[in-house]
1. What do you reckon, is residue 106 in a helix (DSSP H, G or I) and at pLDDT below 95?
2. Taking the conditions exactly as written (in contact (Cβ under 8 Å) with a residue 24 or more places away in the chain, open to solvent by 60 Å² or more (accessible area, probe 1.4 Å), touching a helix residue (DSSP H, G or I) at 6+ places or on another chain (Cβ under 7 Å) and under 20 Å from residue 294 (Cα atoms)), does residue 223 satisfy them or not?
3. Suppose the filter is on the phi > 0 side of the Ramachandran plot and small (Gly, Ala, Ser); does residue 355 pass it?
4. Tell me which residues, restricted to the range 373-388, are hydrophobic (A, V, I, L, M, F, W, C) and either surrounded by 13 or more Cβ atoms within 10 Å (Cβ to Cβ) or at positive phi (or both).
5. Mind checking whether some residue in the range 403-424 is surrounded by 10 or more Cβ atoms within 10 Å (Cβ to Cβ), at pLDDT 95 or above and of a type in the set (A, V, I, L, M, F, W, C)?
6. I'd like to check something: does the range 288-309 contain any residue that is part of a loop (DSSP other than H, G, I, E, B), in contact with a strand residue (DSSP E or B) (Cβ under 7 Å, 6 or more places away or on another chain), under 30 Å from residue 145 (Cα atoms) and among the acidic types (Asp, Glu)?
7. Scan the range 28-42 and report the pairs whose first residue is more than 21 Å from residue 387 (Cα to Cα) and whose second residue is aromatic (Phe, Trp, Tyr) and not in a helix (DSSP H, G or I), with Cβ atoms within less than 8 Å and a gap of 6+ or a chain change.
8. Which residues, counting only those in the range 203-220, are exposed (fewer than 12 other Cβ atoms within 10 Å of the Cβ) and either assigned to a helix (DSSP H, G or I) or in contact with a strand residue (DSSP E or B) (Cβ under 7 Å, 6 or more places away or on another chain) (or both)?
Amino acid sequence: MNANRAAAPAHQTKRVGGLDGVRALCALGVAAVHTSFAAGVMGAYTAKPGNPALADLLAGMRPLALGPFFVLSGMLLYRPFARWSVGGAKRPKVGPFLAKRLARLWPAYILLSLVCVFLLNFDAVDGIWYVLRPILMLQVYDYTWIAGMDPAWTVPAEMQYYLALPLLAALMHWLARGTDDPVRKVRRMMVPLVLITAGSAVWTYYIHRPQMGIYPHEYWWPLGVGGAFALGMAMALLHVLAELRPDRRPALYRVAASHPLLFWIGAAAVYAYNCTQPFGRPGYGDYESVGLAVTQYFLLLVFSYLMVMPLSIPGARSRVVDAIVANPVSRYLGRISYGIYLWHFAIMYFWFRTGSVFGTQPGQMNQLRGTIGFPELMTAVLVGSIAAASLSHYLIERPIVNAVGRWAARKDSASAQAAVTAQNAYTVAGPR
């Protein structure tokens, strides 16, 4: 009976509006942080904040706005694997899983890469590898700066966690063997996630030591965001355990289900504390010191948990929270949030009219900052990135995702039919 209860939701694909709304808030938050830096609102090193009050608020979003993206990925993608390990549901097929993930991330990313390479950085092209490097998501390892793709380093990180997820799920499934108790299984399966979170914290400390310099090549590697992805996987385990054993739901789970607004108030408090930039300078976008970076690492995890957890529990409702994240505008922006995140930096370069298509070398943002006012630049970024994201979503991303989804469904149907045929043959022939 437990296996059936766990298996039933495994194939649900309906989008949750509140979670889409969180994606929208985070994408717009990241865009606002980067735009404020380029417009001179946020300070940087020797440049003072142009608007200290606004700079404090925007600096508080660094890097908190990134966290829910990785948490949502870890939670939603690992949940079918968690049902397999904890509840005995059918094991998700790795091939269709990876094909869907590739279809979700790669096409839009390739489009951005081609536009940025040939329109903004064409004069820097010195061979085919310059073009292939970003398409293959390898520019983060030798860090090759490509104007317009500045924030896109997180996409290779996300893709590499997608590739690692089936292997990690197999390891956690192996750890869960030897007991039928879901609670004991979950406890065992949490061990790798705790180790990943701790390792990611150590990595954050390592790359922010003074001797590493400002933005070392290693900064762009995927290790620093492992904790957020692992947190999402841990939340998936809690959800599956709550499905199987409602009597063993953790206290925080029960509070999130009954009082989701309290969690969001807690998230607001974490954000307010981060606005003070502990161990750093309020209102500045400097490369973080060790103290600030490690503190923000844990603040990001707490903030992401408080934001996402109440929205991911079936039946949890708050009029205030729903008004923010479940309205039609937030849901639409959430559906195209990946494109907004990808395109907002490229839109700034086009608005600044800097790059090969304008007959110049692309200028770095620290050289361009303050030459355009924040309201003008933010308006351009919002309009341009939403338009680009909408076109990408409807003309490229959604058709490819739907086509791959249909292929995966046919593959599942064929496998199921083959299993029925084999069972019927066995029934007719009998055991030998």
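The values are calculated or read from the model by the stated rules, or taken from the named source; none is laboratory data. Values in this document were obtained by computation on a predicted structure and should not be read as measured data. Cβ: placed from backbone, ideal geometry, glycine included. Neighbour counts: every protein chain shown. With ligands, DNA and RNA removed, areas are computed over all heavy atoms of the protein, side chains included. Shrake-Rupley method; radii C 1.70, N 1.55, O 1.52, S 1.80 Å.
1. Values: in a helix (DSSP H, G or I): yes; at pLDDT below 95: no.
Criteria not met by residue 106.
2. Details: in contact (Cβ under 8 Å) with a residue 24 or more places away in the chain: yes; open to solvent by 60 Å² or more (accessible area, probe 1.4 Å): yes; touching a helix residue (DSSP H, G or I) at 6+ places or on another chain (Cβ under 7 Å): yes; under 20 Å from residue 294 (Cα atoms): yes.
So residue 223 fits the description; yes.
3. Working: on the phi > 0 side of the Ramachandran plot: yes; small (Gly, Ala, Ser): yes.
Answer is yes for this residue.
4. Answer for the range 373-388, where residues must be hydrophobic (A, V, I, L, M, F, W, C) and either surrounded by 13 or more Cβ atoms within 10 Å (Cβ to Cβ) or at positive phi (or both): 374, 377, 378, 380, 381, 382, 386, 387, 388.
5. Yes - at least one qualifying residue is present in the range 403-424.
6. Among the residues of the range 288-309, not one is part of a loop (DSSP other than H, G, I, E, B), in contact with a strand residue (DSSP E or B) (Cβ under 7 Å, 6 or more places away or on another chain), under 30 Å from residue 145 (Cα atoms) and among the acidic types (Asp, Glu), which makes the answer no.
7. Listed pairs, sorted by first residue: 42/284.
8. Answer for the range 203-220, where residues must be exposed (fewer than 12 other Cβ atoms within 10 Å of the Cβ) and either assigned to a helix (DSSP H, G or I) or in contact with a strand residue (DSSP E or B) (Cβ under 7 Å, 6 or more places away or on another chain) (or both): 210, 211.
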